[in-house]
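What follows is a short report on a single structure.
The values are calculated or read from the model by the stated rules, or taken from the named source; none is laboratory data. What you are looking at is a predicted structure, and each value in this text was computed from that prediction instead of being measured. Cβ sites come from the backbone with ideal geometry, for glycine too, and all protein chains shown count toward neighbours. Side chains included, ligands, DNA and RNA excluded: accessible areas come from the protein's heavy atoms. Shrake-Rupley method; radii C 1.70, N 1.55, O 1.52, S 1.80 Å.
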Amino acid sequence: MPLRTRRSLIDLDDLAIEELDEIFSRTAAFEERRPEPRLAHTACVNIFFEPSTRTFTSFNLAQLRLGADVVNLTPTDMSYLTKGESIEDTVLTLSAMGVAVLVVRHPVEHYPEQLAKHFDGHVVNAGDGAHAHPTQGLLDLYTLLQDFGSLHGRCIAIVGDVLHSRVAHSVMAGLRRLESDVVLVGPNGFVPSEYATGGVRVERELDAVLPEVDAVMLLRIQRERLTTMPIAQDDYVARYRLDARRLSLLKSDALVLHPGPYNRGVELDDSVFRFPGWRYRQQVLHGVSVRMAVLDLLVNGT
Amino acid sequence: MPLRTRRSLIDLDDLAIEELDEIFSRTAAFEERRPEPRLAHTACVNIFFEPSTRTFTSFNLAQLRLGADVVNLTPTDMSYLTKGESIEDTVLTLSAMGVAVLVVRHPVEHYPEQLAKHFDGHVVNAGDGAHAHPTQGLLDLYTLLQDFGSLHGRCIAIVGDVLHSRVAHSVMAGLRRLESDVVLVGPNGFVPSEYATGGVRVERELDAVLPEVDAVMLLRIQRERLTTMPIAQDDYVARYRLDARRLSLLKSDALVLHPGPYNRGVELDDSVFRFPGWRYRQQVLHGVSVRMAVLDLLVNGT
Amino acid sequence: MPLRTRRSLIDLDDLAIEELDEIFSRTAAFEERRPEPRLAHTACVNIFFEPSTRTFTSFNLAQLRLGADVVNLTPTDMSYLTKGESIEDTVLTLSAMGVAVLVVRHPVEHYPEQLAKHFDGHVVNAGDGAHAHPTQGLLDLYTLLQDFGSLHGRCIAIVGDVLHSRVAHSVMAGLRRLESDVVLVGPNGFVPSEYATGGVRVERELDAVLPEVDAVMLLRIQRERLTTMPIAQDDYVARYRLDARRLSLLKSDALVLHPGPYNRGVELDDSVFRFPGWRYRQQVLHGVSVRMAVLDLLVNGT
């Protein structure tokens, strides 16, 4: 699909490899110099049906830095909920109003995709249930590329609750696209064996994996999506928490990433924050510029 | 009243005919070309005590497109509710802060008018109970004028819960001002006979009215303002829902409008969306530019 | 501490006397002419954990007038509350995102100070429990200075619930810094005797104090921070409410200030609004410009 006809970003694996390259190249440009107001007179509406600090703030800043007109709607503001209108009709209305970009987070999977069918402008998925979170995936890839230059032949471990993590689903697709090997590590309830296909391996024990990987991407346990824990938290901590001992098993130039928010003491302890390859701050920083690049690509094309 | 001394817009029938003309002429100008930032350094505060998607977003976009400084207050943010201050004193405070425009929606009728007494700047009524919603009325008139050029001698039907509809009340005043005939259609509980005065007729059966009118303005049943339904919903649907059969009774160039949000299956069915005279999208689009025109007129005068 | 290294504003007594002067001089400049966008491309995030109308709106307008990129987070939006992240880590994340200014109101004393330890940018305390509200203190001082030129040797009464008032605590520090005498007036439960030190006196009866003071600063009873009232409201009104009789005891050019929101009938009656020295509107007006000056000083230095 040629770049200028792309309307929405629902999942990372929708993007052509040339589009990935273009996004990363614009991300770098936006970080190097103060951007032109390339979204001036462009109306962006953000609707977050789930709480969010970092993704919400990050999209707002990306839009404001590009000079967009920004309106934030919260579900309690939205009249359709009390007046019987369907969300599809609300979205149709925003289209008619000339809103160019709709950023949506929703607990129901494929909800943003459904909205995109009714919306004339560009829908950006800011996280839908356990399905996808493409801009988080993009910022993770960009962060890895900043250190590694290329992901070809690298081996990246994703550790924890892959099953319920929209971040993991989005980044896996991207890592494979960029020809990285992927190792998913976690207990069966978090990493079903069926995930093993193509360049993706499944492992149960973290210690065995650490010496061979170039980067570890830690995941938060998605308690809000779990009815029961598939593993006792003490067991999880014992087998998967990244701590000083496990960090010492890594290659000296390995990276550690986390999409945030992290739960100190559960999937990591404070020794991670002193590890030279800890890249959380860079991920967050790149998050704003990657989102600027995505918005710019969708609205202005190539 | 000369234009430059008008302070607030509480109801559509406050506007002189020259002011109506001026608003419509600016609306057209704002749609033709990218507007100058005529509200630069002008502080606008929006307070919506009732949920709103389209009016809230529309006012925000109108303000941002004109370069205003925009602050949205939600009732839960407002300290007076917990600290014992009266809303009048809060409004006086916003005046002192240099806020130039206050856009207010409130479930209590005449609430914006009360606030205007305490506010040095301009109050725009964004809907007060069942009383008035002047900017919605203006956008409806503008939409009709785009097709008809003039409303003189036209006949416009307003169908449904006129009694509880602030939109109907505002648009009726405007239609009469522009010398259109008005037919109100609905059961007694929605359209009391007393509405019939001057150029306004009251009819009970929609089918008899459709062949003679130039436009039909549908209303939503305002469930949130009703304690009991004056008519069973099945009856309402049978007698008043605009569907394919009823559309066929209309003149071929008749228009159909709806202020939104609409309840599919109740006051209309999906055949309306395929009717060539369906103008909902145009209404929404004009809604932003009409509000820009109102704000510009209030703040900058003629 | 030299001005350009000041990072945050937690309490008014942190400020060097030269910084106070600089803030007041910029406040005056911002009121005289339309300001340059000195915060262009500067990201400001406002987090209000307590309801606020005037302080919230005032900070928003100050930021927008200086051209900042403004994001408002409300506690319900903030994912850390549901996802187990500490607020410190959230703040660290906002730092990483390039947020330059964090304006925080919180019911817990010293909360903004704690956040400032984790935040790379500038934290401005917008009120923390009963502890401090430095920008309110600054606008009070600025308002007094507009009338008096200097506060040296002036005598200012602060009347009411000093104990629970963050405003009183901030303004007392500032008045002493500018060499004004301070008289605290109220019952023991609101004005403990221990407040009397240096140039600060404690008095129990308002009538005796009024003839000698140059200004009266009234306080609201902070019901939301009181478990029991230390004095019956009728008694309070009888002994401390500023009314026509008490106003007549004041010097003819005395000033009356109130941080707002005020409770008519409790700490003041309507005769105060007609008193020539009533400065509430000026306080609110200066509130926006003082906050512009604080933000400009923190971000751009001297």
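Just a yes or no: is a residue in region B:89-112 more than 9 Å from every other protein chain (Cβ to nearest Cβ), surrounded by 24 or more Cβ atoms within 10 Å (Cβ to Cβ) and in a loop (DSSP other than H, G, I, E, B)?
no
Residues that are at pLDDT 95 or above, open to solvent by 10 Å² or more (accessible area, probe 1.4 Å), hydrophobic (A, V, I, L, M, F, W, C) and under 23 Å from A:F56 (Cα atoms): does region C:122-141 have at least one?
No, that holds for no residue.
Being farther than 19 Å from B:L141 by Cβ and polar (S, T, N, Q) is the filter here; which residues of region B:156-207 pass it?
B:N188, B:S193, B:T197
Could we say that B:G265 is under 30 Å from A:V99 (Cβ atoms) and in contact with a Ser or Thr (Cβ under 9 Å, 6 or more places away or on another chain) here?
Against the criterion (under 30 Å from A:V99 (Cβ atoms) and in contact with a Ser or Thr (Cβ under 9 Å, 6 or more places away or on another chain)), B:G265 does not qualify.
Which of the residues belonging to region C:130-153 are among the small types (G, A, S) and within 12 Å of the chain's Cα centre (by Cα)?
Within region C:130-153, C:A130, C:A132, C:G137 qualify.
Taking C:S52 and the conditions (1) among the hydroxyl-bearing types (S, T, Y); (2) within 10 Å of chain B (Cβ to nearest Cβ); (3) not in a loop (DSSP other than H, G, I, E, B), which numbered condition does it fall short on, given that it satisfies the others?
Just one mismatch for C:S52, condition (3).
Would you tally the residues in region C:32-45 being without any contact (Cβ under 8 Å) to a residue 60 or more places away in the chain and within 13 Å of chain B (Cβ to nearest Cβ)?
Result for region C:32-45: 4.
Determine which single condition A:V182 fails, assuming it passes every other condition in (1) buried (at least 24 other Cβ atoms within 10 Å of the Cβ); (2) in contact with a helix residue (DSSP H, G or I) (Cβ under 6 Å, 6 or more places away or on another chain); (3) in a helix (DSSP H, G or I).
It fails just one condition, (3).
Which numbered condition trips up A:R176, out of (1) over 24 Å from A:D11 (Cβ atoms); (2) part of a helix (DSSP H, G or I); (3) within 19 Å of the chain's Cα centre (by Cα); (4) away from every other protein chain (no Cβ under 12 Å)?
(1)
Could you grab me the full set of residues in region C:237-272 that are in a helix (DSSP H, G or I) and either in contact with a helix residue (DSSP H, G or I) (Cβ under 7 Å, 6 or more places away or on another chain) or within 24 Å of C:H286 (Cα to Cα) (or both)?
C:R239, C:Y240, C:A244, C:R246, C:L247, C:D270, C:S271, C:V272
Taking C:L115 as meeting all but one of (1) in a helix (DSSP H, G or I); (2) in contact with a strand residue (DSSP E or B) (Cβ under 8 Å, 6 or more places away or on another chain); (3) within 15 Å of C:I23 (Cβ to Cβ), write down the number of the exception.
All conditions pass for C:L115, except number (3).
Of all residues in region B:242-257, how many are within 18 Å of the chain's Cα centre (by Cα) and either surrounded by fewer than 22 Cβ atoms within 10 Å (Cβ to Cβ) or touching a residue at least 60 places away in the same chain (Cβ under 8 Å) (or both)?
The qualifying residues number 2.
Please state which of the following conditions C:G260 fails to meet, knowing it meets all the rest: (1) buried (at least 22 other Cβ atoms within 10 Å of the Cβ); (2) in contact with a His (Cβ under 9 Å, 6 or more places away or on another chain); (3) not assigned by TED's automatic domain parsing to the domain that holds C:E18.
If we test C:G260 against (1) buried (at least 22 other Cβ atoms within 10 Å of the Cβ); (2) in contact with a His (Cβ under 9 Å, 6 or more places away or on another chain); (3) not assigned by TED's automatic domain parsing to the domain that holds C:E18, just (2) comes out false.
Of A:V167, A:V171, A:V202, which residue is modelled with pLDDT of 95 or more, under 23 Å from A:L268 (Cα atoms) and open to solvent by less than 10 Å² (accessible area, probe 1.4 Å)?
Answer to the check: A:V171.
Which members of region B:197-225 meet the condition of being under 16 Å from B:A168 (Cα atoms), in contact (Cβ under 8 Å) with a residue 12 or more places away in the chain and not in a strand (DSSP E or B)?
Residues satisfying the conditions are B:G199, B:L219, B:R220, B:I221, B:Q222, B:R225.
Name the residues in region B:277-288 that are within 9 Å of another protein chain (Cβ to nearest Cβ) and either part of a loop (DSSP other than H, G, I, E, B) or surrounded by 22 or more Cβ atoms within 10 Å (Cβ to Cβ) (or both), would you? Before the answer, list the steps.
Our first condition is that a residue be within 9 Å of another protein chain (Cβ to nearest Cβ); within region B:277-288, this holds for B:280-285, B:287-288.
Scanning region B:277-288 gives B:Y280, B:Q283, B:V284, B:G287, B:V288.
Can you tell me which of (1) within 14 Å of chain C (Cβ to nearest Cβ); (2) basic (K, R); (3) in contact (Cβ under 8 Å) with a residue 40 or more places away in the chain; (4) more than 21 Å from A:F148 (Cβ to Cβ) is the one A:R264 doesn't meet?
Just one mismatch for A:R264, condition (3).
Give region A:211-236 a look and list any residue that's under 13 Å from A:G186 (Cα atoms), within 23 Å of the chain's Cα centre (by Cα) and of a type outside the set (K, R), or say none.
A:V216, A:M217, A:L218, A:L219, A:I221
Answer with yes or no whether B:L151 is assigned to a loop (DSSP other than H, G, I, E, B), closer than 18 Å to B:L12 by Cβ, open to solvent by less than 10 Å² (accessible area, probe 1.4 Å) and out of contact with any His (no Cβ under 7 Å at 6 or more places or on another chain).
yes
Give the residue, chosen from B:V191, B:V162, that is under 19 Å from the mean Cα position of the chain (by Cα), over 29 Å from A:M97 (Cα atoms), in a loop (DSSP other than H, G, I, E, B) and touching a residue at least 12 places away in the same chain (Cβ under 8 Å). Steps first, please.
Details: B:V162 fails: over 29 Å from A:M97 (Cα atoms).
Among B:V191, B:V162, only B:V191 is under 19 Å from the mean Cα position of the chain (by Cα), over 29 Å from A:M97 (Cα atoms), in a loop (DSSP other than H, G, I, E, B) and touching a residue at least 12 places away in the same chain (Cβ under 8 Å).
Test of understanding: among A:R274, A:R239, A:R291, which residue is among the basic types (K, R), open to solvent by less than 30 Å² (accessible area, probe 1.4 Å) and either assigned by TED's automatic domain parsing to the domain that holds A:H106 or more than 15 Å from the chain's Cα centre (by Cα) (or both)? Lay out the reasoning, then the answer.
Numbers: A:R274 fails: open to solvent by less than 30 Å² (accessible area, probe 1.4 Å); A:R239 fails: open to solvent by less than 30 Å² (accessible area, probe 1.4 Å).
Sole residue among the options that is among the basic types (K, R), open to solvent by less than 30 Å² (accessible area, probe 1.4 Å) and either assigned by TED's automatic domain parsing to the domain that holds A:H106 or more than 15 Å from the chain's Cα centre (by Cα) (or both): A:R291.
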